[in-house]
1. Please work out which one of (1) buried (at least 19 other Cβ atoms within 10 Å of the Cβ); (2) part of a loop (DSSP other than H, G, I, E, B) is the condition D171 fails and give its number.
2. Do we have T145 as surrounded by fewer than 18 Cβ atoms within 10 Å (Cβ to Cβ), in a loop (DSSP other than H, G, I, E, B) and in contact (Cβ under 8 Å) with a residue 40 or more places away in the chain here?
3. Right, A309: assigned by TED's automatic domain parsing to the domain that holds T240 and either under 18 Å from T212 (Cα atoms) or basic (K, R) (or both) or not?
4. Of all residues in segment 99-119, which are part of a loop (DSSP other than H, G, I, E, B) and either under 29 Å from the mean Cα position of the chain (by Cα) or more than 17 Å from W77 (Cβ to Cβ) (or both)?
5. Considering only segment 42-58, state which residues are closer than 14 Å to S137 by Cβ and buried (at least 17 other Cβ atoms within 10 Å of the Cβ).
6. Just need a number here: residues in segment 205-255 that are surrounded by fewer than 20 Cβ atoms within 10 Å (Cβ to Cβ), part of a loop (DSSP other than H, G, I, E, B) and of a type in the set (V, I, T).
7. Give A128, A96 a once-over and let me know the one that is part of a helix (DSSP H, G or I), out of contact with any Leu (no Cβ under 6 Å at 6 or more places or on another chain) and in the same structural domain as V54 (by TED's automatic domain parsing).
8. Which number in (1) surrounded by 15 or more Cβ atoms within 10 Å (Cβ to Cβ); (2) more than 16 Å from T136 (Cα to Cα); (3) in contact with a Gly (Cβ under 8 Å, 6 or more places away or on another chain) marks the one condition that G61 misses?
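The values are calculated or read from the model by the stated rules, or taken from the named source; none is laboratory data. In this text the structure is predicted, and so the values were computed from the model without any measurement. Methodologically, a virtual Cβ is constructed for each residue, glycine included, from the backbone with ideal geometry; neighbour enumeration extends over all protein chains shown.
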Amino acid sequence: MKKSMRMLSVAASAFVMLGGLLAWQGLAAAASLSNSYLRINRMATSTATSARLVFKTAGAGATSVSINMNGADSTTWTGASGLVNTTQTASSASCAADTGATALPGTLAASGAASTVTITGVTALAAATSYCVDLTSTSAVTTPTSAGEYHPVVTAGADNITVAVRVVTNDQIVVNAVVPPTFNFVLSGNTDNFTSNLSAGSVVKTTGVTATVNTNAKNGWLAWAKDANTGLTSTAAAKTIASVATGAPATLVAGTEGYAFGISSIAQGSGGGTTSAVAAYDASGSAHGSGLDATLRQIASSNGTANGAVLTLKAASAISGSTPAANDYTDTITVIGAGNF
């Protein structure tokens, strides 16, 4: 009888040990993922966002991946805003280049239920390999209303890991800047002489002075000019070679007195605007420009910013055979500009 009881006790002990071994083996079958993170692409409370998952497998063979945002502790990804969208899209097309991990293989599909997003259609994963995948929907998850630390559980096949994510009140930095207005208008010189003595046999032009404009005025800029004498005046001869009429282009004629001012050429520079001469003062063709007087007359304009826009300004004059001789004919022309901000 005692022998039978000892045999029964040994058998029971063996059964318990076998059960324990089997239980241990079952637990050992589930290993921990490693080198894993879940990046929610917005951390602010009550914000819909996409997400990225990177994880390293332990064992091989997983054909699905899931993310349980509620995790296994007291933090809960629920409430008025802490949600997982039922409609999900998953892609690994671009994450590998960014992370150095292997793109999650397969024809991926994803769906959400309660607090969990599940990715299916995964080709069996290799062991000890880093993978990445993006939840590409802009509303894949919506962060909870309360800031704090949350602990989602990532599962791949039989393996899992608990990670941490943070939800904050505001995850954005507003950067403010001021670009001050600038306007630079420079004349290349303050003296401009005729290329030869005035003669009844020809129309003579001055060498020219350039006006260079640089401005960040988005609406462009304008230029004006006026003169002191409304012509070329000689004190010694008590004579003025009168300006032609203002407001219309004029072509001077040799032998007929006249004096005009115009823009002979325009270099646009690299700014965003187009510079053009006012028609009356366009001296790029056969016309010599128009007259000036004591009133500021607009001579040019631009419709955008300027970086090295250059106007070449020239005067022209013709005289008659009876124009009195003198070496003190002169005029003072004032040229100004303004940015159109």
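1. Answer for D171: the failing condition is (1).
2. On the way: surrounded by fewer than 18 Cβ atoms within 10 Å (Cβ to Cβ): yes; in a loop (DSSP other than H, G, I, E, B): yes; in contact (Cβ under 8 Å) with a residue 40 or more places away in the chain: yes.
When the stated conditions are applied, T145 passes them.
3. Values: assigned by TED's automatic domain parsing to the domain that holds T240: yes; either under 18 Å from T212 (Cα atoms) or basic (K, R) (or both): yes.
Spelling it out, A309 is indeed assigned by TED's automatic domain parsing to the domain that holds T240 and either under 18 Å from T212 (Cα atoms) or basic (K, R) (or both).
4. Going residue by residue through segment 99-119, those that are part of a loop (DSSP other than H, G, I, E, B) are 100-101, 104-105, 114-115.
Answer for segment 99-119, where residues must be part of a loop (DSSP other than H, G, I, E, B) and either under 29 Å from the mean Cα position of the chain (by Cα) or more than 17 Å from W77 (Cβ to Cβ) (or both): G100, A101, L104, P105.
5. Residues of segment 42-58 closer than 14 Å to S137 by Cβ: 42, 47-53.
Residues satisfying the conditions are R42, T47, T49, S50, A51, R52, L53.
6. Total meeting the criteria: 6.
7. Values: A128 fails: part of a helix (DSSP H, G or I).
Going through A128, A96 in turn, just one is part of a helix (DSSP H, G or I), out of contact with any Leu (no Cβ under 6 Å at 6 or more places or on another chain) and in the same structural domain as V54 (by TED's automatic domain parsing): A96.
8. Every condition holds for G61 apart from (1).
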